[in-house]
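Structure, as structure tokens:
The values are calculated or read from the model by the stated rules, or taken from the named source; none is laboratory data. Quantities reported herein were computed from a predicted structural model and do not represent experimental measurements. No Cβ is skipped: glycine too gets one built from the backbone with ideal geometry, and neighbour counts run over all protein chains shown.
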Amino acid sequence: MILSSGSGSGRNRYGSKYGYTALFPIRDADCRVALRKSLLDMDAHKYGSPFSDVPRIHLARLIVWDGLPYQGLPSKADRLEAGYLIFMCDFDGETVRNLAGSLVVNAFDFVQDIWGKCSGFPVTGEGPFDTNAAAKQFADYLRRYQVETSLFFCDQPHATVEEILSGIKMQIAFAKFVEANQADDPVTLQQKFRQFWEDLKGSQDLLPGRLPDTEPRGTGLGEKAQP
Amino acid sequence: MKKLNLSNIQGNILRGYRSFTRARFLYFSVRKAEAGRAFIGRLLDEELITAAQWKEKPDCAVNVAVSAGGLLAMNVPAESVYTFPPAFCEGMKVRATGLGDTGESSPANWDRPWRSDHVHVVVMCYAETERSVNEHARKVRGMLPDGIRELSPAQKAHQIIKDRLALEHFGFADGIGNPVVEGMPSSNERRGGANLVAPGEFVLGYPGIGGEEPHAPQPRALVHDGSFLVLRKLSQNVQMFRHYLHEQEAVLKRVDQRYGAGFLAAKMVGRWPNGTSLIKNPDASGDGIPDNQFDYRLDPQGSACPLGAHIRRSNPRAALGLGGLLSQRRLVMRRGIAYGKFVDEHEVPDDEDRGIMFLAYMTNIERQFEFLQRQWINHGDDLDQGNDKDAIIGDNNGTGRMVVPGDERTGRAPVLLTRLPRFVGVRGGEYLFAPSLSALGLLAENLVELSF
């Protein structure tokens, strides 16, 4: 991505996006194995990813980092003291608290499943659940392991998830309209278009991960794009 | 500039075999390392392997490429093999999902020998006559030691020549847009000295377009003057292609009479069947020879050549800015050759398989071939095409679309091609490495080692 020097950019920020990056130490070897499984299980989510339930997040990546490939010759063994969970995402918001709140409110089971395997995860979920308190605790936790950055992936810095979904909805509907009506005479076409426009305005917005008529697709090679 | 070592670089990489209209691809599996090495040694001893530069034109050109499995099977040290890029080490089958080799085109459905066997060594014979190809294939087979097995069937291929043009099965002139490589004899006349591409994009050991030498595996002696070869057997469904065009014509002629099947096909490809470009001839086929001296900067909306046309997607030239440098980073050297019987436009296609043996040479499979396939062919975002895939070779599933922009100059209305199926399927393939002649010598003598 290209960083602008205008307003809205700077540490962890670009346009109306916040770029969050962090390294969480994984508790132990058993947790590392379990964490890998949890990450694989994410694909089983009914909308492709648990992040589909968190409408603030654009793209998120979770990586288990447990080895150091040595680059160069001769090759030699190199190792990490602990495994780490790398978490990167860009979201609509201004602070880590926005991210923590959205994750806790919308995907608390997922949060527990993933971060519960990392050192120092504070939210136990026992007793009566206090969303505000949990969000605050989780925000403190996210800040503690955060890596500040001014360079992060941010595909559309000036549009919210909602705006992008609205654009996609319009694009899909318009393509269908053209497909069905492109050979009509101008008068009929205009009538149909007026009706189409009215219907579109009254139609329901798309929700993250729930796009009609599109194949589920990852980036293809390497990691899978989330959501 | 570093001089190209043309007597060491294998033939067909920097200079194509235009005059050799017949080809045969032989596939081998190495069971004993010594046998694999002895085979390569014999090919070298008999001076069968053809370099880029020859003193006298050979009757038949023979070239060799090896897969990662092949290097390991010939006992090249694993520490060396694993310095090769992941895509090469994993092989094409492992990369299938990202390449769009899914459904009918997935490796489980490939032809023999690709489906079940591990192709270690590919020997390619090119000649002017079928007789000469046969003779050389026989000669190569006669050199096989015990411990190396030929995987059948061998693949026949041939150029489809019509009106002095080499065609592919959809009826379009092919192999026109290849880059001209800096330092090649005659490159200056061919491009007036302009638009040359640095050799490091296609051969290891030379600077690429950024001026830097691309990352090369170790040891240098094994890889310098070598090139990665992406080999794919692509099956073209001519019947489906023609049927689709007529179906679309029936609908789209109601929008504008100009949208006949031939016009639509040209818009999908980006050229007219005789190879003349849509940029220079936007309304009807040019009557000249295939041209390559054009750019898309003056056609930002795609009125002449649609933004989603096959040749514009595969190489957007300067349309992405920076004087074309962004596109040059993705160029590959295409050396495809057709297989199967050609069906003239007046004939009805039979059920026989036909298509192209896709060969592309490059120095970085991931940056060049895989990027093209993933981002520009099977995805359209970079080219303002959203999720639309390449209409000709994309992995479409019957719901694909392509926008054919209108043209204000002639009053032609835009149309949308709809319900695109997959016209080109994958029947097999592998990521290979074509070592230099001297590196083949090292392989044969078991002298590949890493020194620290």
- Query: For residues in region B:414-452 being modelled with pLDDT under 95 and of a type outside the set (Asp, Glu), which is nearest to the chain's Cα centre (by Cα)?
  - Reply: B:448
- Among the residues of region A:110-151, which ones are in contact (Cβ under 8 Å) with a residue 24 or more places away in the chain and aliphatic (A, V, I, L, M)? A:111, A:114, A:134, A:135, A:139, A:142, A:147, A:151
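Could you check region B:27-36 and list, in sequence order, the residues that are part of a strand (DSSP E or B) and surrounded by 22 or more Cβ atoms within 10 Å (Cβ to Cβ)? Let's see the steps before the verdict.
Step one: filter region B:27-36 for residues part of a strand (DSSP E or B), giving B:27-30.
Passing the criteria: B:27, B:28, B:30.
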- Is it the case that some residue within region B:337-345 is among the aliphatic types (A, V, I, L, M), at pLDDT 95 or above and in a strand (DSSP E or B)? yes
- Here the residues within region B:378-399 that are within 11 Å of chain A (Cβ to nearest Cβ) and not in a loop (DSSP other than H, G, I, E, B) are B:381
- Task: State all residues of region A:131-152 that are in contact with a strand residue (DSSP E or B) (Cβ under 9 Å, 6 or more places away or on another chain) and surrounded by 17 or more Cβ atoms within 10 Å (Cβ to Cβ); if no residue qualifies, say none.
- Result: A:141, A:142, A:145, A:152
- Query: With respect to residue B:171, is the statement that it is over 24 Å from residue B:63 (Cβ atoms) and within 14 Å of chain A (Cβ to nearest Cβ) true?
  - Reply: no
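Listed here are the residues, each with its yes/no results for (1) assigned to a strand (DSSP E or B); (2) within 14 Å of chain A (Cβ to nearest Cβ).
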site	(1), (2)
B:225	no, no
B:234	yes, no
B:239	no, no
B:246	no, no
B:251	no, yes
B:254	no, yes
B:257	no, yes
B:264	no, yes
B:268	no, no
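Quick check: is even one residue across region B:311-332 part of a helix (DSSP H, G or I), within 24 Å of residue B:240 (Cβ to Cβ) and more than 14 Å from the chain's Cα centre (by Cα)? So that I can check it myself, show each step before the final result.
Here is the first cut: in region B:311-332, the ones part of a helix (DSSP H, G or I) are B:311-314, B:317-320, B:322-328.
Now drop any that are not within 24 Å of residue B:240 (Cβ to Cβ), which leaves B:311-314.
In the following step, the residues that additionally are more than 14 Å from the chain's Cα centre (by Cα) were identified as B:312-313.
Taking every residue of region B:311-332 in turn, at least one turns out to be part of a helix (DSSP H, G or I), within 24 Å of residue B:240 (Cβ to Cβ) and more than 14 Å from the chain's Cα centre (by Cα).
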- What number of residues in region A:160-169 are free of Cβ contacts under 8 Å to residues at least 12 places away in the same chain and more than 14 Å from chain B (Cβ to nearest Cβ)? 1
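Can you give me the number of residues within region A:94-109 that are over 13 Å from the mean Cα position of the chain (by Cα) and either buried (at least 19 other Cβ atoms within 10 Å of the Cβ) or among the small types (Gly, Ala, Ser) (or both)?
Just the residues of region A:94-109 that are over 13 Å from the mean Cα position of the chain (by Cα), to begin with: A:94-98, A:101, A:104-105, A:108-109.
From the residues that got through so far, the ones that are either buried (at least 19 other Cβ atoms within 10 Å of the Cβ) or among the small types (Gly, Ala, Ser) (or both) too are A:96, A:101, A:104.
Number satisfying all stated conditions: 3.
Going by the conditions given, is residue A:127 part of a loop (DSSP other than H, G, I, E, B) and either in contact with a strand residue (DSSP E or B) (Cβ under 6 Å, 6 or more places away or on another chain) or not hydrophobic (A, V, I, L, M, F, W, C) (or both)?
Details: part of a loop (DSSP other than H, G, I, E, B): yes; either in contact with a strand residue (DSSP E or B) (Cβ under 6 Å, 6 or more places away or on another chain) or not hydrophobic (A, V, I, L, M, F, W, C) (or both): yes.
So residue A:127 fits the description; yes.
To keep it simple, each residue is scored yes or no on (1) within 18 Å of residue B:418 (Cα to Cα); (2) of a type in the set (Gly, Ala, Ser).
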position: B:265; (1), (2): yes, yes
position: B:271; (1), (2): no, no
position: B:276; (1), (2): no, no
position: B:283; (1), (2): no, no
position: B:288; (1), (2): no, yes
position: B:293; (1), (2): no, no
position: B:296; (1), (2): no, no
position: B:300; (1), (2): no, no
position: B:306; (1), (2): yes, no
- Determine whether region B:75-92 contains at least one residue that is within 20 Å of residue B:34 (Cα to Cα), in contact with a His (Cβ under 8 Å, 6 or more places away or on another chain) and assigned to a loop (DSSP other than H, G, I, E, B). no
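Outside any strand (DSSP E or B) and free of Cβ contacts under 8 Å to residues at least 40 places away in the same chain: does that describe residue B:56? Please lay out each step first, then the result.
On the way: outside any strand (DSSP E or B): yes; free of Cβ contacts under 8 Å to residues at least 40 places away in the same chain: yes.
It is true that residue B:56 is outside any strand (DSSP E or B) and free of Cβ contacts under 8 Å to residues at least 40 places away in the same chain.
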- Which residues, taken from region B:144-166, are in a strand (DSSP E or B) and either among the β-branched types (Val, Ile, Thr) or farther than 30 Å from residue B:39 by Cα (or both)? B:148, B:160, B:161, B:162, B:165, B:166
- Any idea which of B:415, B:426 is within 11 Å of another protein chain (Cβ to nearest Cβ) and in contact with a Leu (Cβ under 7 Å, 6 or more places away or on another chain)? B:415
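Criterion first (more than 14 Å from every other protein chain (Cβ to nearest Cβ) and assigned to a loop (DSSP other than H, G, I, E, B)) does residue B:104 satisfy it? Please lay out each step first, then the result.
Working: more than 14 Å from every other protein chain (Cβ to nearest Cβ): yes; assigned to a loop (DSSP other than H, G, I, E, B): no.
In short, no.
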- Task: Please give the number of the condition residue B:213 fails out of (1) under 19 Å from residue B:17 (Cα atoms); (2) touching a Gly at 6+ places or on another chain (Cβ under 7 Å); (3) of a type in the set (Asp, Glu).
- Result: (1)
- Please go through region A:211-227 and pick out each residue that is modelled with pLDDT of 55 or more and either facing chain B (nearest Cβ under 9 Å) or surrounded by fewer than 13 Cβ atoms within 10 Å (Cβ to Cβ) (or both). A:212, A:213
- Message: Restricting to region A:170-197, give me the number of residues that are under 34 Å from the mean Cα position of the chain (by Cα) and more than 13 Å from chain B (Cβ to nearest Cβ).
- Response: 3
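Within the bounds of region B:353-362, is there any residue that is farther than 22 Å from residue B:161 by Cα, of a type outside the set (S, T, N, Q) and either away from every other protein chain (no Cβ under 14 Å) or in contact (Cβ under 8 Å) with a residue 12 or more places away in the chain (or both)?
Taking region B:353-362 and keeping what is farther than 22 Å from residue B:161 by Cα, we get B:361-362.
Subsequent filtering for residues that are of a type outside the set (S, T, N, Q) retains B:361-362.
So of that shortlist, the ones also either away from every other protein chain (no Cβ under 14 Å) or in contact (Cβ under 8 Å) with a residue 12 or more places away in the chain (or both) come out as B:361-362.
Yes, the conditions are met somewhere in region B:353-362.
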- Failed criterion for residue A:155 (all others in (1) within 13 Å of chain B (Cβ to nearest Cβ); (2) within 21 Å of the chain's Cα centre (by Cα); (3) surrounded by 14 or more Cβ atoms within 10 Å (Cβ to Cβ) hold): (3)
